[in-house]
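Below is one structure; the comments refer to it alone.
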Amino acid sequence: MELEHFKYDNKIVKYFAIATVVFGLVGMLVGLIIATQLFLPQLNLGIPYTTFGRIRPLHTNAVIFAFVGNAMFAGVYYSMQRLLKARMFSDMLSWIHFWGWQLIIVAAAITLPLGLTTSKEYAELEWPIDIAITLIWVVFGINMIGTILKRRERHMYVAIWFYIATFVTVAVLHVVNSFEIPVTAFKSYSWYAGVQDALVQWWYGHNAVAFFLTTPFLGLMYYYLPKAANRPVYSYKLSIIHFWSLIFIYIWAGPHHLLYTSLPNWAQSLGTVFSIMLIAPSWGGMLNGLLTLRGAWDRVREDPVLKFMVVAVTAYGMATLEGPLLSIKNVNAIAHFTDWIIAHVHVGGLGWNGFMTFGMLYWLIPKMWGTKLYSTKMANVHFWIGTLGIIVYALPLYTAGVVQSLMWKNFNAEGFLEYPNFLETVTQIVPMYMMRALGGLLYLSGAIIMVVNLVKTAKQGSFMAEEAAEAPALEKKKVVGGHWHSALERKPVIFTVLTLVAILIGGVIEMVPTFLIKSNIPTIESVKPYTPLELHGRDIYIREGCNNCHTQMVRPFRSETVRYKGEYSKAGEFVYDHPFLWGSKRTGPDLHRVGGAYNNVWHYNHMLDPTSTSPGSIMPPYPWLYENQIDPGLTAGKIKALRTVGVPYEEGYEDVANQDLKAQATEIVTDLKSFDVEIPETAEIVALIAYLQRLGTDIKAEPTANK
Amino acid sequence: MSCLFLTGSSSFAQTNGGMSDTTMMYMALGLAILVSVLVLVVAVYVLQLLRAFVNLQMTEEQKAARADEPGYFARLWAKWNDFKPMEEEQDIMLDHDYDGIKELDNHLPPWWKGLFYLTIVYAVVYLLIFHVFKTAPLQEEQYEREMAAAEALRASKEADLVVDFDEETVTPTEDPAELADGQKFFETQCALCHKADGGGLAGPNLTDKYWKHGGSMSDVYKVIKNGVPNTAMISWESQLNPVRIRNVASYLLTLQGTNPPGALPPDGELYEPEN
């Protein structure tokens, strides 16, 4: 067969790499800012756009989709061309992908601080951006599948399998979780409600970790690690087994984010057992990485690229053992809602994704610029500062998580909570928040050193935008025989379909019964839809990102029903919650039973200056809620949208809803007046108070709620 | 270890001496870990000592021969992973080559396979226990057990309690010890909403003569005992015995007229004691 001459596109890789570095620094800096706000709330400068609830999603989105996302694309575009011996399918699609993705990131950076959010974690971006993500992801997919189809390599290497799984699964996850009904240009309500919304969200959230942070990076590991070590991959068999078991099992594990919630028990148990079964498949990846270094460990000592990768793979192994352990119910009962989880995800994020990216960049940049790394010494300094950063970040948070959780649960000899005031359990761990911020600062400093090193490296070399390569075209003959999986590696379409089937099974089995079988969410007669004013208040709660620090899920523990003075949360209470607002972290106390727990003026004073009612509170003040007015013109649209997704507002209620709104606002304002507080009825704080006072109260109207 | 993992969350009810089960568990676990670490340290030390003695008695040739052999752990590691010796690597090298990356076809590490099988067995057993044989409690039952244990404990503590009054006939106590008990309770629990000096925060001021639900001893007693529906004032009946409710109510009434700084304005109806 005749040799074909073609060129690899390095320019697109360079652009993605630059975006990786730039957004990496931005994302980490935002992380450092919010970490500092936890002991220095004033750092928000008193303005809404920099307040924790709004920029915590900015941090997560920036590091996941901008930093890790761009790193993934840089790594994939470089390795895929070479593994398939083909230039990318279409240069135009490559560039649409690049600029489209960066525009989405810019849109996120603008809308999130403005409070335009769906509230669903790692899926906060509003519906127009969701559509843009879908389109750009499809562009990426076409470009990838197109390249695979015109490849000059008969078989697809294991890295390509992981890239395919990434593309297919992220597409499914994003589309299903983003079903929402638009209300205005940048406001929508989730199509699902309560328990169902929670299940879909954490099926998405968990598998965003699996298929955005894990599978693409395993793919990258399978290319860059053997390349850098110049060693053969340890076991082809292990690749096959751990690839298929990983993608099949991962998708089931989402409910482990909802243990001890109102999610049906059977779904919780599936989440637990599939998480446990995930240990070996995850470790398969780690083993294949580490054992590839067999016989090359002496080089790990000298080569910063390998050093970063070894720590990355080890961090991956630790995080994927810890994850399943956290899915065991009695461990989860301690760790859930605490900083333990924050520590856990950062071992994965900083260790696995961060260090893998750094290792890859240290290898890639000298390669593409045809030179040597500017300074191995600086890379080593980065390595040690980064590793130290991870440790100083994680250890205090592990301690904080366990300490706070035990304080929440501790009953004294008389049978009372030893720490009835939630705030006590917060002030206890503030010093650990300080240490954590220091860890973050170290890690960021290391990344800055890397940027200098990489820029200097690029400067001393010359960039090769087009890299010439040659390979014979694939013969159009039918190849038969070989191991069954080897045959599959020749059939990208069938491979992709099988991948799709493997990742659909778990989701379908968990979701369909939860949606269709009524007994999973027993109805409670007294639970009614929110009033118009409460709806406005709820949307303010979402806009300010209150759910980033406050849960709305009283778990069935004595320590919680006593602390929060009411029954534990029931599935039937959330049927009108589009979206659900259970939250995942208790930096502040749970709010599901806050309705009626304090009088209106307490809330009024508390939101204006939290330390006035709760000395030592680390919650920032919300003065703008007292100046901004709600727009009653939006009421009708909200009511109509919610009716479309199944909330039983009567036909025509939207026309008279504002009368109810005004009546309820008047009632609150009058009550506030009796405490010498003057506030207009349309002030946002009034709506927020109305919502908070409603929370968790419906069930009290029915003394024996249906079980 | 896996037995521990199989059970759901243990109840957090306290047992003897007010030490909760979990605290006990952690202490026991901590002790166990400490002891195992100590044993390990001693074992390693003894091993080193033995090795030193053996070394002393070996000839130079023996020593040289030994140095070439892989150590015990290296051999164990090779066995558990079913390693092919590095020299025989070529035999299992696949003939593919992806951009210079070759693949070996090593066996799956046996310990890894074992781990995978074990987790699958765990999953099956877990589902059987919780959902087929139902021998382990699901979360609702776990909660009920936890509450029942707390209730039983309370009941056992109050078995010999003498109550010679009811909510209509109750009168304030003047016993200093009982008032002190009431004060201690007020300052740790009630103070969250009513402030330690009774001046009121989220809950009303309790130091003036204005009451939302009546200011007689009997009224105050009833509010503490039964709570006020749809407010944060919960019923304390399940957590306080009648004598202690009387102690708290009695202490609370001693705050009348103290006029603490920063107290909330009057709320409710004026109540003047009859005498």
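Bear in mind these aren't lab numbers, they're just calculated from the coordinates by the rules spelled out. The structure displayed is predicted, hence computed values, not measured ones. For neighbour counting, all protein chains shown are included, and Cβ atoms are generated from backbone atoms with ideal geometry for every residue, glycine included.
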Open item on the list: Using helices alone, I'd like the mean residue ellipticity at 222 nm for chain B: each DSSP H run of four-plus residues gives -39500 (n - 2.57), total over residue count, nearest 500.
Closed with: -15500 deg cm²/dmol
Open item on the list: Quick check: net charge around A:Pro492, other residues with Cβ under 12 Å of its Cβ, Lys/Arg +1 and Asp/Glu -1?
Closed with: +3
Task: Sparse-neighbour loop sites [trypsin sites (Lys or Arg not before Pro); segment A:248-311; at most 16 other C-beta within 10 Å; DSSP] - done: A:Arg301
- [ ] Amide H neighbours of A:Glu4 under 5 Å, at least 5 residues apart or on other chains, H built in the peptide plane: list them.
- [x] A:Ala471, A:Ala473
- [ ] First select every other residue whose beta carbon is under 15 angstrom from the beta carbon of A:Glu678; then total the charges, Lys and Arg +1, Asp and Glu -1.
- [x] -3
TODO: Using amide H atoms built 1.01 Å from N in the peptide plane, name the residues 5+ places from A:Val183, or on other chains, whose amide H lies under 5 Å from its own.
DONE: A:Ser188, A:Tyr189
- [ ] Show that you can apply the helix-only estimate: for chain A, add -39,500 (n - 2.57) for every DSSP H stretch of four or more residues, divide by all residues, and state [θ] at 222 nm to the nearest 500.
- [x] -19500 deg cm²/dmol
TODO: Count, for each residue of A:410-418, the Cβ atoms from other chains sitting within 10 Å of its Cβ, then give me the mean as a whole number.
DONE: 6
Open item on the list: Taking 0.36 nm per residue of sequence separation and subtracting the Cα-Cα distance, how much length would be gained by fully extending the chain between B:Tyr117 and B:Met24, in nm to one decimal?
Closed with: 30.2 nm
Task: Partners for A:Lys7 among lysines (Cα-Cα distance below 21 Å; same-chain residues under 8 apart left out) - done: A:Lys85, A:Lys150, A:Lys227, A:Lys367
- [ ] Just tell me which lysines come within less than 26 Å, Cα to Cα, of A:Lys528; anything on the same chain fewer than 8 places away is out.
- [x] A:Lys120, A:Lys187, A:Lys518, A:Lys565, A:Lys570, A:Lys638, A:Lys640, A:Lys662, A:Lys700, A:Lys707
- [ ] Give me a single rounded figure for A:272-285: the average over its residues of other chain Cβ atoms within 10 Å of their Cβ.
- [x] 5
- [ ] Report the local net charge at A:Gln196: Lys and Arg +1, Asp and Glu -1, summed over other residues whose C-beta lies under 15 Å from its C-beta.
- [x] -2
- [ ] Quick one: how many lysine pairs does segment B:80-210 have with C-alpha atoms less than 27 Å apart and a gap of 8 or more or different chains? Give me the count, please.
- [x] 7
TODO: Classify chain B as rounded, prolate or oblate from the Cα gyration tensor: take a ≥ b ≥ c as the square roots of its eigenvalues, call it rounded if a/c is under 1.5, otherwise prolate when a/b beats b/c and oblate if not.
DONE: prolate
Task: Rounded if a/c under 1.5, otherwise prolate or oblate - chain A, Cα gyration tensor axes - done: prolate
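Give the shape of segment A:532-701 as rounded, prolate or oblate, defined through the alpha-carbon gyration tensor: a ≥ b ≥ c are the square roots of its eigenvalues, a/c under 1.5 means rounded, and otherwise the shape is prolate if a/b is larger than b/c and oblate if not. Could you put the intermediate results ahead of the total?
Working: a/c = 1.72, a/b = 1.11, b/c = 1.55.
In terms of gyration-tensor shape, oblate.
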Open item on the list: Suppose a student asked you for the relative contact order of segment B:176-270, using Cα pairs under 8 Å spaced at least 6 residues apart; what percent would you report?
Closed with: 41
- [ ] Quick one: order A:Leu634, A:Leu535, A:Leu218 by neighbouring beta-carbon count within 10 Å, fewest to most.
- [x] A:Leu634, A:Leu535, A:Leu218
Task: For segment A:660-674, Karplus couplings with θ = phi - 60° (6.51, -1.76, 1.60), whole Hz, Gly/Pro x - done: 4, 4, 5, 4, 5, 5, 4, 4, 5, 4, 4, 4, 5, 4, 5
TODO: Taking amide H positions as placed in the peptide plane 1.01 Å from N, state which residues far from A:Val233 in sequence (5 or more) or on other chains have amide H under 5 Å from it.
DONE: B:Lys102, B:Glu103, B:Leu104
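Of A:Cys546, B:Cys193, how do they rank once you tally other Cβ atoms within 10 Å and put the fewest first?
So the ranking, lowest neighbour count to highest, is B:Cys193, A:Cys546.
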- [ ] Shielding by partners for A:422-434, please: the mean number of other protein chain Cβ atoms within 10 Å of each residue's Cβ.
- [x] 0
